[in-house]
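Chemist: Have a look at this one.
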Amino acid sequence: MKILAITNQKGGVGKTTTCVNLAASLAHHGKKVLLVDLDPQGNASTGSGIDKAHLTHSIYHVLLNDKTLQEVIVHSEQGGFDVAPSNRELAGAEVELVNEMARETRLKQAIAKLGDAYDYVLLDCPPALNLVTVNALTAANSVMIPMQCEYYALEGLSDLVNTIKKVRAHLNPVLEIEGLLRTMFDNRNMLASQVSSQLVSHFGKKVYQTVIPRNIRLAEAPSYGMPVLVYDKASKGAMAYLELANEIIHTKQ
Ligand code: ATP
Ligand code: MG
């Protein structure tokens, strides 16, 4: 079972879009996938077709040890994967966990109880380096960092890398950065192409070969509660995420 944290404290870089569409694409390749929504915005839940307003239980209850993951997991019919959903309630977890024991390892313990039920567990992190993100980094084997190829792309990356180093030193020695994913890429944009080449020359093999293009279908699909693979399987966005799933299955173990 591979546990991948999809994280970047910068907002709107394509974390959730990547989680939902990578989950659907891995499922399409026959893999058993669980998507864990760790953002109080609940966008990964909505984008997977789950009505976050009417959840009786969510990942919030798992982090507070009120429920097991199995008890909150629902199935995304559209996506063909399972989801541990989230909603606004999760915003309170940060404060409520402060005085709790082993607060950084709550998610890790919860995932351990799943045994080998899944091939891939994808963790959709909020845009913050908070306790919930630390839980994700503590539970994960590796990290995927989606980023837009723009002038400020690398700003903030050192904070994330430092957090990863601290988690590795104190909570999760096996944690590694699997790769940087270029998202919303527009190859007609000169600056994007330059930043992209710089990323590759700096980080080499740590940059996924697959590039996710800017594609309107990817932005439209969540409002129908569908991964793009269901909404428009011939779109460039759908093809790119299938290719990313392929790259992960075959080259990243
Ligand atoms: P947050 O930090 O708020 O959680 P995020 O990093 O999860 O944001 P997304 O929600 O995935 O980012 O994407 C931000 C916006 O960009 C959304 O409206 C999404 O539909 C759109 N978007 C993401 N990827 C693409 C793409 N490749 N092409 C076009 N639009 C995209
Ligand atoms: Mg998000």
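Chemist: Return a yes/no flag: does the stretch 190-206 have any residue that is closer than 23 Å to residue 21 by Cβ and at pLDDT below 90.
Modeler: no
Chemist: Restricting the first residue to the stretch 144-158 and requiring it to be farther than 13 Å from residue 191 by Cβ and assigned to a strand (DSSP E or B), which pairs with a second residue that is open to solvent by 20 Å² or more (accessible area, probe 1.4 Å) and hydrophobic (A, V, I, L, M, F, W, C) meet a Cβ separation below 7 Å and a spacing of at least six or different chains?
Modeler: Between residues of the stretch 144-158 that are farther than 13 Å from residue 191 by Cβ and assigned to a strand (DSSP E or B) and residues that are open to solvent by 20 Å² or more (accessible area, probe 1.4 Å) and hydrophobic (A, V, I, L, M, F, W, C), the close pairs are 145/177.
Chemist: Could you give every pair whose Cβ atoms fall below 7 Å, whose first residue belongs to the stretch 10-24 and is near ligand 1 (Cβ under 7 Å from one of its atoms), and whose second residue is in a loop (DSSP other than H, G, I, E, B) and among the β-branched types (Val, Ile, Thr), counting only separations of at least 6 or pairs across chains?
Modeler: 15/7
Chemist: Still on this model: Pull up the stretch 31-90, narrow it to residues that are touching a Phe, Trp or Tyr at 6+ places or on another chain (Cβ under 8 Å), closer than 18 Å to residue 135 by Cβ and more than 16 Å from ligand 2 (Cβ to nearest atom), then point me to the one that is least open to solvent (accessible area, probe 1.4 Å).
Modeler: The selected residue is 34.
Chemist: Something else now. From the list 110, 93, which one is without any contact (Cβ under 8 Å) to a residue 60 or more places away in the chain, buried (at least 24 other Cβ atoms within 10 Å of the Cβ) and over 17 Å from the mean Cα position of the chain (by Cα)?
Modeler: Of 110, 93, the one residue that is without any contact (Cβ under 8 Å) to a residue 60 or more places away in the chain, buried (at least 24 other Cβ atoms within 10 Å of the Cβ) and over 17 Å from the mean Cα position of the chain (by Cα) is 93.
Chemist: Considering the stretch 15-30 alone, what residues qualify as being part of a helix (DSSP H, G or I) and more than 10 Å from ligand 2 (Cβ to nearest atom)? Walk me through it before giving the result.
Modeler: Here is the first cut: in the stretch 15-30, the residues part of a helix (DSSP H, G or I) are 15-28.
Once the filter is applied, which keeps residues that are part of a helix (DSSP H, G or I) and more than 10 Å from ligand 2 (Cβ to nearest atom), the stretch 15-30 yields 21, 22, 23, 24, 25, 26, 27, 28.
Chemist: Right, next: List every residue pair whose Cβ atoms lie under 8 Å apart, where the two residues are 6 or more positions apart in sequence or sit on different chains, the first residue falls within the stretch 51-65 and is more than 15 Å from residue 83 (Cβ to Cβ), and the second residue, located anywhere, is assigned to a helix (DSSP H, G or I) and basic (Lys, Arg).
Modeler: Cβ pairs passing all conditions: 63/106; 64/106; 65/106.
The values are calculated or read from the model by the stated rules, or taken from the named source; none is laboratory data. All values derive from a computational prediction rather than experimental measurement. Note that we place each Cβ from the backbone using ideal geometry, even for glycine, and neighbour counts take in every protein chain shown. What goes into the accessible areas is simple: the full protein's heavy atoms, side chains included, and nothing from ligands, DNA or RNA. Shrake-Rupley method; radii C 1.70, N 1.55, O 1.52, S 1.80 Å.
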